[in-house]
1. In region 164-175, is there at least one residue being buried (at least 22 other Cβ atoms within 10 Å of the Cβ), in the same structural domain as Leu71 (by TED's automatic domain parsing) and either modelled with pLDDT of 85 or more or of a type in the set (Val, Ile, Thr) (or both)?
2. Kindly list the number of the only condition in (1) at pLDDT below 95; (2) among the aliphatic types (A, V, I, L, M); (3) in the same structural domain as Leu330 (by TED's automatic domain parsing) that fails for Ala452.
3. With region 76-161 as the region, which helices (runs of 4 or more DSSP H) entirely inside it contain at least 3 residues that are aromatic (Phe, Trp, Tyr) and surrounded by 16 or more Cβ atoms within 10 Å (Cβ to Cβ)?
4. Within region 296-319, track down each residue that is of a type in the set (S, T, N, Q) and in contact with a helix residue (DSSP H, G or I) (Cβ under 7 Å, 6 or more places away or on another chain).
5. Consider Leu373 carefully, then state whether it is of a type outside the set (D, E, K, R), in contact (Cβ under 8 Å) with a residue 24 or more places away in the chain and either surrounded by fewer than 17 Cβ atoms within 10 Å (Cβ to Cβ) or more than 24 Å from Glu446 (Cα to Cα) (or both).
6. Of the conditions (1) farther than 16 Å from His243 by Cα; (2) free of Cβ contacts under 8 Å to residues at least 12 places away in the same chain, Lys133 clears all except one; give me its number.
7. What number of residues in region 185-215 are at pLDDT below 90 and aliphatic (A, V, I, L, M)?
8. Can you tell me which residue in region 313-345 is surrounded by the fewest Cβ atoms within 10 Å (Cβ to Cβ), limited to those that are touching a residue at least 24 places away in the same chain (Cβ under 8 Å), part of a loop (DSSP other than H, G, I, E, B) and in contact with a strand residue (DSSP E or B) (Cβ under 9 Å, 6 or more places away or on another chain)?
Amino acid sequence: MGNTVQPMRSSFTNADLVECVLVSLPDFRCLASTILTSKTIYNVFQQHPRSVVRSVAYNLVGPALPQALRLVRCQNAQLYSKPIDELLGEDDIQKNPALSSEDIISLVAISACVQIQELESLFSWRMKDRRFKTSQLSLAESTRFQKAMYRLCLFSAAYGCKAYQSVLEPDSDLEEVESALEAARTLRKGFFDSFSTPELRDIQRVEMFLRGIIARAEGDCFTTIPPATYSPESSYALYCAPHKVIDVYKEGLDCIDICEEEDEELFFHNFMDGPLTSVLADRKEPNIIPVKQKQAIIDEVIGEHDRCSQCQSDIVQGLDLWGPSNWSYLWDTPPLYSITQLLKGYVSANLADKAHFTTVLRETSAAELVEGLFDYKTPAYYTWNKEDWLCRQCLEKLMRDHLHIWYLGQKVKRGDVIPGNCWYGYNCRTQTHKLEHAQKLNHWCEPIKGDAPPTNI
């Protein structure tokens, strides 16, 4: 028998099948390749171009397509400082379903935006499941997160730095600045007022999460993730580009180059949280959802009621516990002051070693340091294991009792010759004001005499 495969002749059934295939394609590159494979397939596409393109766009972006499309269309139209009724709505995909080539190019760019994907994974790691760095959000949770992110990005695009540049000239006088600022505040509040209260709570949760990332970079205490603060850095980052807050997580605050123009500072101060909380207040809603109530976006927190492996405290639970899978979130740039304060006695001021200790800390990641502490654990910590989930108090206790031992181990690894121990160990005060004594003896050790300092070297 010969080849029995016959060319498709565009019967009704075959056309339906081809359309089903086309609307299932994951991206526009696949769509372009597929419709170019045969004239028959191309003709089927030409019969339903809008619905096919819209379906592929949905497959590419996901359920938050209306919010993403609104963002890119407003950006492409340069709709800056417009009242809410002049901005394109989230229903614009129903009113104007035909996607232009500009829409498609912009949606492809959004789908490839690794910052938003990375922020979702980070949000999942901190707010849902501390065990995994990749997103564990359900489809519903992910959709709520994505919608809130696109809405925040639109808010920034419409009323942020580009809007400021569009309404004020560099030589504007004080009256013009105050008038523009009042108008900006009205527009911002109007934007948030267009959303339902549950949608506002989703936006608020993501906004606070983004500010929390910046607060982490500013934090003084390594074991306590600080609350989302209203710092100039956080306001300016959200004013410019919310999705780029992931850069702060990776690179620290140095990636934020705050504008120092006094007029513009008025525009980005409390850029998002000010109008958002004002709308909530008008609706007689609390500023934030009480801690014991269900929080926005997340339906289920994995391990929400887990307790510290050591103290079993019922005060610190779930997402505020620290283990090998989330040690790395503790810091990127070490909070030197707070870590140094955990050193025993006076070794933090040791004239011979304090500079080197600081250098070693800067070169050691959070995960490496905490794991290293377990490598030097003392007999009192026999029952403590690296796999434990620890509350902040227990983690601080572990660090306080082992940080000096860990550092001595780093000196040994470097090949340093360790001198004999000072009788007074880390409690020796002489090490803080006599360099010769600090160099002659090792002070990163337990004292074997009282804490009175020796009278001479």
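1. Residues of region 164-175 buried (at least 22 other Cβ atoms within 10 Å of the Cβ): 164.
Checking which are in the same structural domain as Leu71 (by TED's automatic domain parsing) leaves us with 164.
In the following step, the residues that additionally are either modelled with pLDDT of 85 or more or of a type in the set (Val, Ile, Thr) (or both) were identified as none.
So far as region 164-175 goes, no, none of its residues is buried (at least 22 other Cβ atoms within 10 Å of the Cβ), in the same structural domain as Leu71 (by TED's automatic domain parsing) and either modelled with pLDDT of 85 or more or of a type in the set (Val, Ile, Thr) (or both).
2. Ala452 satisfies all of (1) at pLDDT below 95; (2) among the aliphatic types (A, V, I, L, M); (3) in the same structural domain as Leu330 (by TED's automatic domain parsing) except (3).
3. Values: elements: 92-95, 101-111, 114-127, 139-159.
Ranges flagged: 139-159.
4. Just the residues of region 296-319 that are of a type in the set (S, T, N, Q), to begin with: 309-310, 312-313, 317.
The one that is of a type in the set (S, T, N, Q) and in contact with a helix residue (DSSP H, G or I) (Cβ under 7 Å, 6 or more places away or on another chain): Gln310.
5. Details: of a type outside the set (D, E, K, R): yes; in contact (Cβ under 8 Å) with a residue 24 or more places away in the chain: yes; either surrounded by fewer than 17 Cβ atoms within 10 Å (Cβ to Cβ) or more than 24 Å from Glu446 (Cα to Cα) (or both): no.
It is false that Leu373 is of a type outside the set (D, E, K, R), in contact (Cβ under 8 Å) with a residue 24 or more places away in the chain and either surrounded by fewer than 17 Cβ atoms within 10 Å (Cβ to Cβ) or more than 24 Å from Glu446 (Cα to Cα) (or both).
6. (2)
7. Residues meeting the conditions: 3.
8. Ser313
The values are calculated or read from the model by the stated rules, or taken from the named source; none is laboratory data. Every value quoted in this text rests on a predicted model; they were computed, and no experiment measured them. Here the Cβ is made from the backbone with ideal geometry for all residues, glycine too, and neighbour counts use every protein chain on show.
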